[in-house]
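Note sheet for the following structure.
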Amino acid sequence: MSDCLFCKIVEGEIPSSKVYEDDLILAFNDVAPQAPVHCLIVPKKHMDSLDDTCEEDGAVLAHIMLKIKDIAASLGLENGYRVVINTGEDGMQSVKHLHVHILGKRKMSWPPG
Ligand code: DGP
């Protein structure tokens, strides 16, 4: 999508601090970190949110889930981390390209704000 911020990051039109990349996904550091480690994983294929996914997206969604532990390990999160997927208006999703937050290197609280 030409007007999508994360598509532009995937295409390299907007710079990012890359953490991991393969054919299906890109991980990069969040520009406004909410924890000492805060990165985002996005599918290279545009999908607005979890609400915009279908059976065909199963492989890339599973790939993201399975890569989280490797990316977390590469970021030194051996003591644990939080994974967040903000979805839609009530979920406070601000960028309309599906993304998975990985936050770590601090003790998280619950319930989330
Ligand atoms: P969410 O609120 O779940 O939609 O999270 C969007 C995240 O994207 C938010 O934590 C800030 C981050 N973000 C927004 N613009 C940019 C950008 O241009 N570069 C990077 N690296 N992160 C961004």
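Since every read-out is calculated from the coordinates, none of them should be taken as a lab result. Values in this document were obtained by computation on a predicted structure and should not be read as measured data. Ideal geometry is used to build each Cβ from the backbone, glycine not excepted, and the neighbour counts take in all protein chains shown.
Tabulated values for the structure
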{"item": "Enumeration of residues in the range 77-97 that are surrounded by 12 or more Cβ atoms within 10 Å (Cβ to Cβ) and either in contact with a strand residue (DSSP E or B) (Cβ under 8 Å, 6 or more places away or on another chain) or not β-branched (Val, Ile, Thr) (or both)", "result": "LEU77, TYR81, ARG82, VAL83, VAL84, ILE85, ASN86, GLY88, GLY91, GLN93, LYS96, HIS97"}
{"item": "Pick from the range 72-113, criterion within 12 Å of the chain's Cα centre (by Cα) and free of Cβ contacts under 8 Å to residues at least 24 places away in the same chain, ranking: farthest from ALA35 (Cα to Cα)", "result": "ASN86"}
{"item": "Matching residues in the range 89-113 - criterion: being more than 29 Å from MET1 (Cβ to Cβ) and assigned to a loop (DSSP other than H, G, I, E, B)", "result": "LYS105, ARG106, LYS107, MET108, SER109, TRP110, PRO111, GLY113"}
